[in-house]
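Quick notes on the structure that follows.
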Amino acid sequence: MSASVSQPRVGVWLIGARGSVATTVVAGCAAVTAGLHPPTGMVTETPPFEDCGLPPLSSLVFGGHDVVDCPLPKRAEALAAGGVLPPGLPAAVAAELAAADREIRPGGPVPGPAGEAPGAEELITAFASDLRNFVRRCGLARAVVVNVASTEPAPTAGELPASSLYAAAALRAGCPYVDFTPSTGLHHPALAAERAASGLPYAGRDGKTGQTLLRSVLGPMFAQRALTVRAWSGTNLLGGGDGAALADPAAAAAKNTGKERVLADTLGAAPEGEVHIDDVPALGDWKTAWDHIAFDGFLGTRMILQTIWQGCDSSLAAPLVLDLARLTARAHEAGLSGPLGELGFYFKDPVGKGPSSLG
């Protein structure tokens, strides 16, 4: 179904626009719009959202920033070869992939000779200009910026990391912002005043797609049944760009903060145990997560629950990104501002007063 003449077009500007998640978002939106595949995993396509005024998938226009130059059609072909996208889908939605690729602009910062690399203020100005031009060129009613780039380490004192440069640009361009990653982004102290004065809605952070999604269901189960969790340990095996990024202990620590918050919020206190993240390049975009939960039952009987989650991160994340873009765009249209706590359902470390559980 194509958008009608009267239907406003809404931009979705993806940070990390040539990555696996972003490519799956663009290809998936085109496939669902064309009726090639059902909207599996999209909460906003379920009956309760039918009359909420969300922008239809057919009205979404994609663009973004990235530091790599592999065209989206070729990235989609690679994902299909790896089993992430269905065979034949890249060819079926080649026009939509190419259209989105034309709207991708160089990101940053990138290494350069001392004194020649652009500074933070210069990059923010350039990124904001890219966003304004995107909205004007495509005749958009609004655009939502969604960060789906690889996880960053926590910044050092005084540093404005890449995610925060993009977030600052979104504020200056008047675009609502969604942080699907645990990176600093909009939450850098240097952006606090500008964020508060912007009047824009924002959501985040760190989308719940696999191990933590399961934890957010199991944690409340133990609490509601008054079962005492003694220890909760886990291991993640993953490849692809995320695996490589999380091989950095500092980036892994940033990722684990959200995982720990879910347990602390749902159980009342963080149990013993750690989560280990291991990069296994051979897994590509697939991941395996294992949890070992030690708990006490009636009369102190000691018991164990073990879970194994195997999934494709891009396929798990893409429908959530589409949901969040639509919901945040609708919040902006409705004049909402500040943290969208109601969207905490989607995140490991939600902003505002959003719940960490699925309840």
Sorted by accessible area (1.4 Å probe), largest first, how do Arg330, Arg215 line up?
Arg330, Arg215
Taking the Cα centre of segment 168-243 as origin, work out the dipole magnitude from +1 charges on Lys and Arg Cβ and -1 charges on Asp and Glu Cβ, in debye rounded to 20.
280 debye
Summarise the accessible area of the chain (1.4 Å probe, protein heavy atoms) by the percent that is carbon and sulfur.
58 percent
Only bridges whose two residues both fall in the chain count here: according to DSSP, what percent of them are antiparallel, nearest 5?
40 percent
Of the lysine pairs in the chain, how many meet both conditions: Cα atoms under 16 Å apart, and a spacing of 8 or more in sequence or different chains?
8
Just the accessible area for His187, please: 1.4 Å probe, Å², rounded to the nearest 10?
60 Å²
How are the C-alpha pair distances of segment 285-326 spread across 10 Å bins, as whole percents from the shortest bin up?
23, 28, 24, 18, 7
Would you please put 89-100, 314-325 in order of how densely packed they are, using the mean number of other Cβ atoms within 10 angstrom per residue and starting with the highest?
314-325, 89-100
For the chain, accessible area per residue (1.4 Å probe, heavy atoms of protein chains only), Å²:
44 Å²
Difference of contour (0.36 nm per residue) and Cα-Cα distance, Thr307 to Ala154
52.1 nm
Residue with peak Gaussian network fluctuation, the chain [Cα springs, cutoff 10 Å], from Gly63, Gly108, Gly185
Gly108
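The values are calculated or read from the model by the stated rules, or taken from the named source; none is laboratory data. Because the structure is a prediction, the values reported are computed rather than measured. Note that each Cβ is placed from the backbone with ideal geometry, even for glycine, and that neighbours are counted across all protein chains shown. Surface accessibility is based on the protein's heavy atoms, side chains included, excluding ligands, DNA and RNA. Shrake-Rupley method; radii C 1.70, N 1.55, O 1.52, S 1.80 Å.
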